[in-house]
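The values are calculated or read from the model by the stated rules, or taken from the named source; none is laboratory data. Predicted model, so just to flag it, every value in this text is computed and none were measured. Every residue, glycine as well, gets a Cβ built from its backbone with ideal geometry; the counts of neighbours run over all protein chains shown. Ligands, DNA and RNA are excluded from the accessible area calculation, which covers all protein heavy atoms including side chains. Shrake-Rupley method; radii C 1.70, N 1.55, O 1.52, S 1.80 Å.
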Amino acid sequence: MTAPAQELHVLPEEPTGGEPVVLRPSSDLALTDELLAPLWKPWPWYKYALGAMAFGTFVLFAAITYTVITGIGLWGNNIPVAWAFAIINFVWWIGIGHAGTFISAILLLLEVNWRTSINRFAEAMTLFAVTQAGIFPILHLGRPWFAYWLVPYPSEMNAWPQFRSALPWDVAAVTTYLTVSILFWYLGLVPDLAAARDRAPTLLRRRIYGIFALGWRGELAHWRHYRIAYLVLGGLATPLVLSVHTNVSFDFAISQLPGWHSAIFPPYFVAGAIYSGFAMVLQLMIPARRIFRLENVITRNHLDNMAKMLLVTGWVVTYAYIVEPFLAWYGGDTYEAYQQLVARPSGPYAFVFWGVIFCNCIAVQALWSRRMRVSPIALWIVASIIQVGMWSERFMLIVCSLNRDFLPSIWHIYTPSWVDWTILGGTICFFLFLFLLFLRFVPFIPIQEVKEMQHEMAKEARLERAEHVVRHA
């Protein structure tokens, strides 16, 4: 049951002096029609973009098929760099998925209002990024048909998984994270799917949206159960933001390899994951904001706050980069000191190390300027640089540590093969293919939450006007 259509009026600025979270307020009916319009209107460019991403996805599955048939000897892996591209990409994609749950769950529990309008972008990004991440560990096994060995299934061969290893726990953490993220995303969609059902231009679409709307009628009982379930799932998802990438960090931190066994890895990995995830949200949100003319619901306030989050997490990552070499020097471990103070800054992959420092530590400092924070073009460029830097950081972490370990006699240069690059590029295309489908068929702005925000802003404006009248009476 929707509220009656009425014109809403808000103050031109929030008390903080920034822009409102929603501009150009209108009636509930007009806002619903405006936010559902991209689902019904034809997009001239859409079929070309979707076709290009579909072709990239086809190339991805062709490369995966070639890899499975021939073996992972097609990759550039060698001894000692046996992890290489597969695990680099796994850690990168898992990290990207963290911002979605952070924006949706943690900021929901903290009642941060600027999460409205962007949380569904972030939630969808989480699902698609985790899907890409799941491809790489399975392929990296070399025998992907034995992937079920990683889960604690009832074994008749007495070949139980090694629970002291972090790798089986990765499977449990990532699958739990994916399951909760899907439920959280879908539950938030239900009221908007009902709105799409009621306004769909064709009978087929009405029936499809009606099935997924689960009989939603906007009754008081529906809203009550919805609120409770949404908060419960938000509470479940919040610790997963910390636990998933913490567990991924244990894949490295519990080893004895120089450059890996570090107590700072869990918070370092979590901060880096949120950092890259926020950058990806901006990379997706800014073009969509421009293409669909969403400046009234994704305002400069959103851009400013997202940029501030980038700046905060960027400084956490920078702090970790400072602490790592300090601990290597202070700890007195010869191998660790060589890895941190010699091999990375001046070894064969020194260009990667210094590129990481520029992309992750220096480029983000531009966001101290508010003009840069609210400029879509500048912010998108900074977010893209950060994304390159975070992928390079994973390359540096894995390849540089494995490339030069304890014995100089087995040092070896690692070079990725064309199959490695094809699979990485293919997962990016697959990710964008899923995202384009999401934009075309799913309400990608949370309509009910934006309407609720408008009413709250109108109520606050009325109270402030009343206080102003009382003060000057």
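For region 433-452, the count of residues that are surrounded by fewer than 16 Cβ atoms within 10 Å (Cβ to Cβ) and of a type outside the set (D, E, K, R) is at least one. Quick one: would you say residue 364 is open to solvent by 40 Å² or more (accessible area, probe 1.4 Å) and not basic (Lys, Arg)? Here the answer is no, as residue 364 does not meet what is asked.
Every residue, every condition in (1) in a loop (DSSP other than H, G, I, E, B); (2) closer than 19 Å to residue 259 by Cβ; (3) without any contact (Cβ under 8 Å) to a residue 24 or more places away in the chain; (4) basic (Lys, Arg), yes or no:
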position	(1), (2), (3), (4)
383	no, no, no, no
389	no, yes, no, no
396	no, yes, no, no
413	yes, yes, no, no
416	yes, no, no, no
420	no, no, no, no
429	no, no, no, no
439	no, no, no, no
451	no, no, no, yes
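Residue 409 fulfils the conditions (1) among the small types (Gly, Ala, Ser); (2) surrounded by 15 or more Cβ atoms within 10 Å (Cβ to Cβ); (3) under 30 Å from residue 255 (Cβ atoms) except for a single criterion, (2). Of all the numbered requirements in (1) of a type in the set (Val, Ile, Thr); (2) within 24 Å of residue 422 (Cα to Cα); (3) modelled with pLDDT under 90, residue 70 misses one, and that requirement is (3). Applying a threshold of 8 Å to beta carbon distances and a minimum spacing of six or more residues, or different chains, the list of pairs starting in region 169-187 at a residue that is touching a residue at least 60 places away in the same chain (Cβ under 8 Å) and ending at one that is assigned to a helix (DSSP H, G or I) and among the basic types (Lys, Arg) reads 185/120. With respect to (1) part of a helix (DSSP H, G or I); (2) out of contact with any helix residue (DSSP H, G or I) (no Cβ under 7 Å at 6 or more places or on another chain); (3) of a type in the set (Ser, Thr, Tyr); (4) at pLDDT 90 or above, the lone exception for residue 409 is condition (4). With respect to the stated conditions, residue 35 is within 27 Å of residue 205 (Cβ to Cβ), in a helix (DSSP H, G or I) and within 24 Å of the chain's Cα centre (by Cα). Restricting 350, 320 to residues that are small (Gly, Ala, Ser), without any contact (Cβ under 8 Å) to a residue 12 or more places away in the chain and within 23 Å of residue 87 (Cβ to Cβ) narrows the list to 350. Counting only residues that are charged (D, E, K, R) and part of a helix (DSSP H, G or I), region 330-369 holds 2 of them. Annotation note: Cβ proximity below 6 Å between a residue of region 125-154 that is farther than 18 Å from residue 94 by Cβ and a residue that is not in a helix (DSSP H, G or I) (sequence gap 6+ or interchain) occurs for 152/161. Just one of the listed residues (448, 365, 387, 454) is more than 25 Å from the chain's Cα centre (by Cα), under 28 Å from residue 282 (Cβ atoms) and either at pLDDT 95 or above or among the polar types (S, T, N, Q) (or both), namely 454. Residues in region 105-135 that are in contact with a helix residue (DSSP H, G or I) (Cβ under 7 Å, 6 or more places away or on another chain) and farther than 24 Å from residue 427 by Cα: 105, 106, 107, 108, 109, 113, 114, 115, 116, 117.
One residue is enough: does region 38-55 have a residue meeting the conditions modelled with pLDDT under 90, open to solvent by 50 Å² or more (accessible area, probe 1.4 Å) and in a helix (DSSP H, G or I)?
Yes.
For region 288-327, the candidate set comprises residues that are under 15 Å from residue 275 (Cβ atoms) and β-branched (Val, Ile, Thr); within that set, the residue that is most open to solvent (accessible area, probe 1.4 Å) is 312. Considering only residues in region 78-111 that are touching a residue at least 40 places away in the same chain (Cβ under 8 Å) and part of a loop (DSSP other than H, G, I, E, B), the one that is surrounded by the most Cβ atoms within 10 Å (Cβ to Cβ) turns out to be 97. Condition check for residue 372 on (1) in a helix (DSSP H, G or I); (2) more than 21 Å from residue 302 (Cβ to Cβ); (3) not small (Gly, Ala, Ser): one failure, at (2).
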